[in-house]
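Report on the structure given below.
The values are calculated or read from the model by the stated rules, or taken from the named source; none is laboratory data. Everything quoted here is computed from the prediction, not taken from an experiment. Cβ placement follows ideal geometry from the backbone for every residue including glycine, while neighbour counts extend to all protein chains displayed.
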Amino acid sequence: MQIDVVSDTVCPWCFIGKRRLARALEMRPEVEFDVHWRPYLLDPKVPRSGLDRRAYMKAKFGDGPNVQAMSEALRSTGLEEGIAFAFDQIERRPNTLDSHRLIRWAGAVGMQDAAVERLFAAYFLEGRDIGDAAVLEYLAADVGMDSLQVAELLSDDTDLAAVEREAKLAGEMGITGVPTFIFANRFALSGAREPEVLLRVIDKALEEEAGGEDEAVSG
């Protein structure tokens, strides 16, 4: 079954959603899943050089008690999934286009899941600037990609427009929040849902796929 996950690399709920999806897939070991990570830009106006994260978050959300409560809720939920969010370590709010390009290249060499996991960990656990080319080259090497090739690709904006178009397409499809999971091109589910919820949609998609195959055979 193909599963498309629309997400952004600076979205904490997307990190949580990734861990929950992995748990759901483990509950169906007999099924072969093909997971594709698709780009989404939570804020396409962030410059390529990025912004100071504290100033950005204050301008976007303010600095009242609700913001602190939101962070604490994320930390608590993250710990349930083995994620120790270190928001205080993050200094930059990067533009995420280049990180999505890295995910795209990782998919071409069968390393997409590892690259997505590494990007999330680098940003949310280590406070790395995942909009910085040198950081992306390091992370690429960390998951087994050719860092020299990645450096060459990053220096050229050849596929930048393609990633921007794909991110824009998500909005045209009606996706307004991430993560959004699309199962077998049939069912879409938005939000970092619990594995049991994801599993119900997976099973529904499997049932429909099996029904379609039965119809094809009987026809």
The stretch 82-111, subset of a type in the set (Val, Ile, Thr) and in contact with a Gly (Cβ under 9 Å, 6 or more places away or on another chain), residue farthest from Gln68 (Cα to Cα): Val109
Enumerated helices (runs of 4 or more DSSP H) restricted to the stretch 1-87, each holding at least 3 residues that are at pLDDT below 95: 53-61, 65-80
Top-ranked residue of the stretch 11-28 - restricted to ones that are under 8 Å from the mean Cα position of the chain (by Cα) and of a type in the set (A, V, I, L, M, F, W, C), ranked as surrounded by the fewest Cβ atoms within 10 Å (Cβ to Cβ): Cys11
Candidates Val109, Val116, filtered to the one that is surrounded by fewer than 19 Cβ atoms within 10 Å (Cβ to Cβ), within 22 Å of Met1 (Cα to Cα), modelled with pLDDT of 95 or more and β-branched (Val, Ile, Thr): Val109
Of all residues in the stretch 37-78 being in contact (Cβ under 8 Å) with a residue 60 or more places away in the chain and touching a Lys or Arg at 6+ places or on another chain (Cβ under 8 Å), the one that is surrounded by the most Cβ atoms within 10 Å (Cβ to Cβ): Pro39
Qualifying position, being among the basic types (Lys, Arg) and out of contact with any Asp or Glu (no Cβ under 7 Å at 6 or more places or on another chain), among Arg28, Arg38, Arg101: Arg28
Residue that is farthest from the chain's Cα centre (by Cα) [pool: residues in the stretch 136-152 that are among the aliphatic types (A, V, I, L, M) and surrounded by fewer than 20 Cβ atoms within 10 Å (Cβ to Cβ)]: Leu148
Residues located in the stretch 126-174, provided they are under 17 Å from Val109 (Cα atoms), in contact (Cβ under 8 Å) with a residue 12 or more places away in the chain and small (Gly, Ala, Ser): Ala140, Gly144, Ala151
